[in-house]
Every structure is written in structure tokens, then in C-alpha cells.
Amino acid sequence: MGQYMEIGTIVNTHGVKGEFKVIPSTDDVTRYELLDNVLVEVGDELIEFPIESVRYFKQFVLLKLKGIDDMTKAERFKTYVLKIPRELALPLDDNEYYIGDLYNMKVVTEDGEDLGEIVDILFTAANDVYVVKDSSSSSSKEILIPAIKDCIKDVNLKENIMTVHLLEGLREL
């Protein structure tokens, strides 16, 4: 688990006064209103900016940061990721996990068979799907495991292990 959480990506500017269009990577977009500052990932560096204002437009969060006062300055930030310190992350309910904590998690069956690690997560209308790849094999075969109670039996963040039940037909994918 990293010490920072991703909360969105700057995809464009909005208007001429330095406002950003942000695609949020959080389930609760109103969480931006609870923040005083945000970290912008510029290369290997995180730069902290105070938040001046937050608005919403369609699927975007319109974010104005102090010190970014025109469209020219704002354009330099396109594609940059917004982060916050982990301790500012919103609390989770039981059986909820931050997506970032699941990547590279070891996946085993109820019988203890090592299936590999979660290398990607597909977001579908019905449910998320974990893409598991056997890292010890040169094979490019992947197992797709739906994030449903019938399949996901346990998620142990401390041990970084997910225990699953493979429904019939999942192994052949």
C-alpha cells in the first residue's frame, strides 16, 4: 500500500482562468470539497497546491488551484495525476477496498493453489473483473475473476493475498 492515493487525472483545461477538467478516480466526487490541498504528480515529483474552488460539469470535476491563473499555465498540467496523502482517504465499509491496494495482490484458490497476481482491473457495468496472470510462467494466459461474493472469498490486505473460488469455466479463459 502506497502512502498516496490517486483521486483523479487532469484531462483538459476549462475556460481561460486556469481551471482544470478532472476525471475523478474516486467513487465519491464530493470528496474534493473536503480537501484543502491536492498533490499534482509531475514526473517523479509531487507538487502541493491549495484548492481554490471545486465545481462539477457532466462527469468532470472542475478544479481551480491557487497559482494557476490562466489557460496557458493550466495546459502544462494535462495528463497529470492528482493525489492525496493516504491518511486523507475516505473511510471504507466492510468488504470495500481501494482499487490501488489490489494491484499485484497474490491470488490463491480455496485449496491453496497459486493463480498469480492481479495485473489489471476491468470496470464493467455489472461488476469489476480482476485480471490475474501467473507471474512464474512465461505463458500470457490470464484468468478473469469477477468481483462477486461467489468468487471472492477473502481479501487479506496485511498479507497481500486474495482467496478465490473459481466458478466453472473461469480457468479456460
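The values are calculated or read from the model by the stated rules, or taken from the named source; none is laboratory data. Fair warning: this is a prediction, and the values are worked out from it, not measured in the lab. Please note: Cβ atoms are built from the backbone with ideal geometry, for glycine as well, and neighbour counts cover all protein chains shown.
Quick look at the values:
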{"quantity": "Residues that are surrounded by 15 or more Cβ atoms within 10 Å (Cβ to Cβ) and within 21 Å of the chain's Cα centre (by Cα), drawn from the range 52-77", "calculated": "Val54, Phe60, Val61, Leu62, Leu63, Phe77"}
{"quantity": "Selection within the range 22-45 - loosely packed, with under 15 Cβ neighbours inside 10 Å, over 15 Å from the mean Cα position of the chain (by Cα) and outside any helix (DSSP H, G or I)", "calculated": "Asp36, Asn37, Val42, Gly43, Asp44, Glu45"}
{"quantity": "Some residue of the range 13-32 being more than 18 Å from Asp101 (Cβ to Cβ), assigned by TED's automatic domain parsing to the domain that holds Thr72 and touching a residue at least 60 places away in the same chain (Cβ under 8 Å)", "calculated": "yes"}
